[in-house]
Amino acid sequence: MKKSYISFLIMFLICGSYSVFAVDNEVYWLPDVQIDGEFDEWDGLDVSVTNIAVYGGTHDPKDAEGSFILATDGENLFIYADVRDDSVRLNTFHNSLAWKGDSIEIFFGTARGFREDYAEGDVQLRIVPRSDTDIFAQDLYVSYDYAGGDTVPLGEVAMQIHRRGYTVEAVIPLEDIGSKSLSVGQRTRCEFQVNDADMLERDRLLRWSSEEDDYYTPKNWGRCRVANP
Amino acid sequence: MSRIHSHRYARAAWRVATCVALLVCLSPVAFAVLPYSVELNKDAENGWELLVDGEQLPVNGVVWSFTPIGDDFIYNLWNEEDRFIRRMIDTDGPLLQAMGVRAVRVFTQIPPKWITYLYRRYGIYTIVNDLMGRYGVSVNGRWYPNTDYSMPETRELLLAQARETVEKFKDTPGVLFFIFGNENNYGLQWKSDAIEDLPVGERQQERARFLYSLFGEVTAASKEITDLPIGIVNGDTQYLTIIAEEASNIDIFGLNVYRGPRNEPIMFQSVATALDKPILYTEFGSDAFNATTQLEDQYNQARFLRSQWKEIYEQSYGKGNSQNIIGGLIFQWMDEWWKYGLQDDLFIHNTEGTWRQPAYYDSIGGENNMNEEWWGIVAQSPKTDKHGINLRVPRAAYYTMQDIWETSLYDIEGGQIDQYFAVVDIEGDVARSGERTLGDKIADYVKINGSLAVAGRGHFSDAIASEQSGAINFSHEEEATFEITVTPLHNLTLQTTFRAQAGFLDDALYDSYGYLITREDDSSEFSYIANDNTSYSRTPIEIYSAAFQYETDFIDINGYFHDGIDLPGHPDYYLQGDFFYLYPETFDREGIDLGLQKAPFGVEFETKGIAEGLTLFVGPEIFWGAEPALYFKFYRELFDGFYLGLIHYEAFQEEQFNSGLAVTPNRFPERKSSVYVQYDVPIDFVDLHIGLGGLIAGTEYLTAATLEESQYRSADGTTKTIGFADTLGGKVRLEALFNLTPVFNIYAEYIYAGVVASGRGFLPRGGSQITDGGASNRHEVIAGGNIWIGDLVISPKIRWRTPLEPAIVSGPNRSNGENSPRPVIDPVYVHGGNREILQGEIVLTYDFTGATWFHEWNNDDREDAVFAASLGLLYTFYQGPTDPLPELFLDSNFFGYGTWPAGHTREENLWSLQARVVSNFAPRSKIIATFQMGSDQNIGRPDTTPEMRYSGTVEFELHDFEIGLGLSHNAFGPEDWHFNQNIRAPWQWNALLAYHFGVLSLVEAKNRIGVEFRGRYLEGGTSESRTALNTLGSATDLYRMEVTLFYELSF
């Protein structure tokens, strides 16, 4: 009997164990980020560039491209994005449909293991340019998460819209996205997306890591780790 | 030719010509020319308008739905009799007309004459919709669920189909225009080298370009045939620029849009800028079920429609905005109860959400809030009118639209719109639709169903020496069931069925339902024998079945007692990694339910979310014949195309094995574990799946209390002890689907099973008679394939097997269990399984209606082809000797295992043929015929020569009548052991006539009254057969017959 259980256990361990993957990007440990529309605290940090065109032809940096940085102080997730866009249009869609217009999305997950579906701690965040006169009058919300997401704005956003695109910094408490805390060395999953709508509705979708045109499969996201700058 | 003859011919010709002329004149459709013109006009100042004979026509429309409660997606109204179709149209027509509907959207199955009928009688136009392969297409005999619009053959086929559609309807009075597709842009999922070679970001657009260029070709071809406008049905506004490039010739841009209460001006501007075509909403609206309150919500459905139509008016002709929408088709006219579950719960108005749209009124967190079965602006009642048509119950939205359409969008000024819509009184419309009664409110939480059945039977025989000699014996049975379903919480459902019974039908022909052994007329209790040879007592009132379902975000808990909430039982887990079928399917359905057992009986836990894939099923009898046990499963896709399944089955109690042998053997509590991995290899032209499984079973023998219990007798005469290696099994399976012409697939599996490593048998499927029997002690290979040639499928298959421990073919005379070389309790003993075998099979299946699989369990009801058939031939090239079954004691009341027969089951070549034909030869008329013949060897009667058997059945469904006939010659009795022991009857027959009220089902009849004759003629049969098959009579009876009158009603 013991032999049978040992064999069973061995088969379980062999077939059920996961590989350990390398890290593609870093979430910087930055204890002091102010959401004020001044972006100097992000200077000198490595950025993740969305140069994979998932939809809408090939990647054309003159048309649209986003450079992203994530940071944390252990209790909040800070987001920085500098989006180059030759035609920035304020987004008038309802939050549930705001992907049809200019916007950016950040996929972030602290749940462990490969997963087809969102687990607690996995979120899709969307930042939507709503105003070119008030830098704080923008929307940030959890577009999708383990419980399905919501469209109620959360956190704080500051966005500067300019001739070559828009630059944004934002913060959202980790507890609002289902994560308790982050610490240096912790592994996470992350992905960045730019929705670009030059004339009508979205005509190009750009990603940093994944070529898959879906928002609901965390296993396709990139691999990140919390690290000191 | 004489003059007289020539006059006769002339008169006859004149009469024929007169008749033809009259027919032509009276026919409403034939040779008709449209009595109106339809055109789209863009006024530079005011925008787009639709003109019929020069008059503006607002497209105030609905997507017409008419599927009755109890039917599903294959329902086709147009296959019904004309009388019924007319009644259906006359049910909806007046309501549509009174509401103000000017046009309905209908798919191409509709015969032209009904379009004309709807138009002439109710003034309602029809927009004819050709789906253009939206839900798959059959090309060169292969069914493609995801249509590949780049394939030349597919394009030619769809183009020809579109031409045919336009030709068919172009002169039909009532047709307003044609639309093609149904959000086909959401189904662009095919793969090809040409597409995969493109950069990722261009692949979807390239696929879309193929789709829209085909739309362009279809539009051009259609315009060569008709002057009526041509449109497409797009999913939202996706690919506008590609549409502009590839299909700029379309007249109407139709879009299915579900963005919420409004779509915002940018959407109309986008279409105007990119396409400059008039917009028609081909689907939009709101469901009437509130996911937040879990109640019907007529107010919010009406409120959303008011908002959506206000925007249509604002963006229409002459309003100064985009001025490019000509109307909308509300989705949909009437609720359809099949949409959740598709083929299940057809009589339940399901409230589960199937997708999520936060912009709707009942968005709650991330839960699905769109309820597919509640989109009607008219509900349908389970009650029917005298013609059997479900009653229509207009919702508030019906009256709201009636108010709105009172003034056409062309007849209102832009500045008047706010005021016009502000006075639409939705609260009043809710009141008009009827206040919810206390009964309605209770019905939200409690549902009651039930049934009543009464039957009387007379049976008689030619009994010579029987006490019942020459007598006719009567028996009767009455049964009533009462099912109550309570939903106290939106995630908790409780269901119980009580059954009351009186009387008991004597089963003179020994059916599979057990038989009476004692009856005390002055007592309320009966006792009788079940198939497992156990005596049961039955009380007049019992809990027949019960179930519960509790759902949370993390775990679902399902309770089963002879039933489940969603299914009448429990399916197997074969598609979830149970490679060795350790859990067999268990359903309470006519013909397969072992009525006296209460399986499945247990509680199932299924995890969701991060732990998705874990299942624990534990209970006293989780499947038929199971002892108290638990079943554990983990199954999940770990990586792309890589699946892992882990299964463990553990019984807590040894199985009591009833035997007539001197020693009543017990088997140890079973323990079985398996692991399964599958990898789907990504190759372009072939879908390749590799499955690999391991099994550990029979380890209970390793811990037997005595050495003897863990030993078995080998064919070489020695006694061997079961070791760990004997408990191991394995299986590897390769399956490949080749996307070539013709399309074909091949598969092969090799099975190794140690001498005690048994799984469980897999039910043969797909018309085949070969399956993995799940036995231990074997090497086995099963290989085969399917070739699709047009509507014909050719399915060859072979099997080779050899035992690890062969049968014992020589030894002492087997006069009883003690002297048998291999007793029935021997762990290696397998009923006829430990033999070498080589079989070949071919199954031919012809069925041109792909939506109803010919070999599905309920195909008798679902098959909708005019003609479909299958023919299967199994030939056994060789089968070697095997351990025989012990003989049975046979008497009129009881049977049990007895002595061992002499000799062993010999080498034989055998064959078996089976055929089935289904024809829907006329509306509401169907015939199903089956035929089987073959030679069989009986492992309980090794010395008998294989004999031929023949049997056939014919079933007719003629309107509301069911007629069934069956006849067999030299066929076995109804029980499994009849086959094993060569219990045959020279002739058996049955005839049934029933009248059905309500839905006629040949699979699960619920409402019918009828009479059935069954009989058996035994002269010429063996004395054993006469003994075994004369359950209630004498062994010398030569014939037995019974007549049963029955009445069954459900509500």
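Per-structure values
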| quantity | calculated |
| --- | --- |
| Number of positions in the range A:120-135 that are on the phi < 0 side of the Ramachandran plot and touching a residue at least 40 places away in the same chain (Cβ under 8 Å) | 11 |
| Per-region count, the range B:706-730, residues within 14 Å of chain A (Cβ to nearest Cβ) and part of a strand (DSSP E or B) | 3 |
| Candidate set: the range B:654-678, residues that are over 27 Å from B:LEU737 (Cβ atoms) and at pLDDT 75 or above; chosen: the one surrounded by the fewest Cβ atoms within 10 Å (Cβ to Cβ) | B:PRO669 |
| Counted residues, the range B:380-416 - those being closer than 17 Å to B:PHE284 by Cα and outside any helix (DSSP H, G or I) | 2 |
| Test: residue in the range A:93-108 that is among the polar types (S, T, N, Q), over 24 Å from B:GLY613 (Cα atoms) and in contact with an Asp or Glu (Cβ under 8 Å, 6 or more places away or on another chain) | yes |
| Filter result for B:LEU630 (modelled with pLDDT under 95 and either closer than 21 Å to B:ILE555 by Cβ or part of a loop (DSSP other than H, G, I, E, B) (or both)) | no |
| Among (1) at pLDDT below 95; (2) in contact with a Gly (Cβ under 6 Å, 6 or more places away or on another chain), the one test that B:ILE232 misses | (1) |
| Residue count for the range B:347-357, restricted to those that are out of contact with any strand residue (DSSP E or B) (no Cβ under 9 Å at 6 or more places or on another chain) and crowded, with 19+ Cβ neighbours inside 10 Å | 1 |
| Sole exception among (1) surrounded by 15 or more Cβ atoms within 10 Å (Cβ to Cβ); (2) within 26 Å of B:ARG799 (Cβ to Cβ) for B:VAL681, by number | (1) |
| Among the candidates B:TYR701, B:TYR676, residue that is under 17 Å from B:TYR643 (Cβ atoms) and within 14 Å of chain A (Cβ to nearest Cβ) | B:TYR676 |
| Strands (runs of 3 or more DSSP E) wholly inside the range A:134-229 containing at least 3 residues that are under 16 Å from A:GLY66 (Cβ atoms) and more than 13 Å from chain B (Cβ to nearest Cβ) | A:156-162, A:165-173, A:187-196 |
| Matching option when the condition is within 14 Å of chain A (Cβ to nearest Cβ) and either part of a helix (DSSP H, G or I) or within 30 Å of B:ILE412 (Cα to Cα) (or both), among B:SER307, B:SER363 | B:SER307 |
| Condition check for B:LEU211: more than 10 Å from every other protein chain (Cβ to nearest Cβ), crowded, with 18+ Cβ neighbours inside 10 Å and within 22 Å of A:VAL54 (Cα to Cα) | yes |
| All positions within the range B:62-72 that are closer than 26 Å to B:PHE848 by Cβ and either at pLDDT 90 or above or in contact with a Lys or Arg (Cβ under 8 Å, 6 or more places away or on another chain) (or both) | B:SER65, B:PHE66, B:THR67, B:PRO68 |
| Positions within the range B:230-261 being away from chain A (no Cβ under 14 Å), out of contact with any Asp or Glu (no Cβ under 9 Å at 6 or more places or on another chain) and assigned to a strand (DSSP E or B), in sequence order | B:ILE232, B:ILE252 |
| Subset of the range B:420-434 [more than 42 Å from the chain's Cα centre (by Cα) and part of a loop (DSSP other than H, G, I, E, B)] | B:VAL423, B:VAL424, B:ASP425 |
| Single unsatisfied condition, B:TYR299 versus (1) outside any helix (DSSP H, G or I); (2) away from chain A (no Cβ under 12 Å); (3) at pLDDT 90 or above | (1) |
| Contacts under 9 angstrom Cβ, first residue in the range B:366-384 being within 14 Å of chain A (Cβ to nearest Cβ), partner in a strand (DSSP E or B) and surrounded by fewer than 19 Cβ atoms within 10 Å (Cβ to Cβ), 6 or more apart | B:ASN368/B:TRP355; B:ASN369/B:TRP355; B:MET370/B:TRP355 |
| Number of the condition not met by B:TYR313 [criteria: (1) within 14 Å of another protein chain (Cβ to nearest Cβ); (2) at pLDDT 95 or above] | (1) |
| Contacts under 8 angstrom Cβ, first residue in the range B:738-753 being surrounded by 15 or more Cβ atoms within 10 Å (Cβ to Cβ), partner outside any strand (DSSP E or B) and of a type in the set (Ser, Thr, Tyr), 6 or more apart | B:ALA753/B:SER776 |
| Selection count, the range B:967-988, where residues are part of a strand (DSSP E or B), surrounded by 17 or more Cβ atoms within 10 Å (Cβ to Cβ) and not hydroxyl-bearing (Ser, Thr, Tyr) | 9 |
| Among residues of the range A:100-125, those that are within 12 Å of chain B (Cβ to nearest Cβ) and either of a type in the set (Phe, Trp, Tyr) or under 13 Å from A:TYR144 (Cα atoms) (or both), counted | 10 |
| Residues (assigned to a loop (DSSP other than H, G, I, E, B), within 9 Å of chain A (Cβ to nearest Cβ) and in contact with a helix residue (DSSP H, G or I) (Cβ under 6 Å, 6 or more places away or on another chain)) located in the range B:262-291 | B:ARG262 |
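Results for (1) within 14 Å of chain A (Cβ to nearest Cβ); (2) buried (at least 21 other Cβ atoms within 10 Å of the Cβ); (3) on the phi > 0 side of the Ramachandran plot, shown as yes or no for each residue.
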position	(1), (2), (3)
B:VAL175	no, yes, no
B:ASN182	no, yes, no
B:TRP190	no, no, no
B:ALA194	no, no, no
B:GLU206	yes, no, no
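The values are calculated or read from the model by the stated rules, or taken from the named source; none is laboratory data. On a predicted model such as this, the values are computed, not experimentally measured, just so you know. Glycine also receives a Cβ, built like all others from the backbone with ideal geometry; neighbour counts cover every protein chain displayed.
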